[in-house]
2 protein chains.
Amino acid sequence: MKSLVKIMPKKGVLDPQGKAIENSLKQLGFPQIKKVKQGKIIEIEIDADNESDAREIITNASNKLLANLVIEDYEITFLKED
Amino acid sequence: MKSLVKIMPKKGVLDPQGKAIENSLKQLGFPQIKKVKQGKIIEIEIDADNESDAREIITNASNKLLANLVIEDYEITFLKED
């Protein structure tokens, strides 16, 4: 099973990388781009019988290692198998 | 309009961050997690009349600045407005 954990800075937390991209894009001539936030995405291949088991394991892993809950929010999604 | 650009290392390109997470998770007791890849996600707020205009602008921005096409692939998706 393949899952994605999307980790973004929480609202109100400084996001210097996003800001830097935003400014660079403006200078490169993209005035339509208003706001940029940068986060991480983690693709995980996991052995589990069903999605709810997998979600539990990944939630656990996210809390323990993947995300810094003081400054980041995370969101788990599953990719459809082909 | 809100869009997400997901940027992942291409197949075959070394991904030391993903590898590090994979090893740490194994040591922390997550044997079910088989493979980890880490990428970036960039959330963009853009002024555009429609999705195809927005996609064109963001594709352009991705090629010019956001992704390193030698080692990374990118994928653009749009978030549903509430």
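Summary table
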item: Residue in the range B:1-20 that is open to solvent by 50 Å² or more (accessible area, probe 1.4 Å) and within 8 Å of chain A (Cβ to nearest Cβ) present; result: no
item: Residue in the range A:1-14 that is in a helix (DSSP H, G or I), modelled with pLDDT under 95 and not hydrophobic (A, V, I, L, M, F, W, C) present; result: no
item: Per-region count, the range A:37-78, residues closer than 28 Å to A:Gly18 by Cβ, more than 8 Å from every other protein chain (Cβ to nearest Cβ) and either open to solvent by 30 Å² or more (accessible area, probe 1.4 Å) or in contact (Cβ under 8 Å) with a residue 60 or more places away in the chain (or both); result: 15
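The values are calculated or read from the model by the stated rules, or taken from the named source; none is laboratory data. All figures in this text were calculated on a predicted structure; none of them were measured in a lab. In this analysis, Cβ positions are derived from the backbone assuming ideal geometry, glycine residues included, and neighbour counts consider all displayed protein chains. Heavy atoms of the whole protein, side chains included, go into the accessibility calculation; ligands, DNA and RNA do not. Shrake-Rupley method; radii C 1.70, N 1.55, O 1.52, S 1.80 Å.
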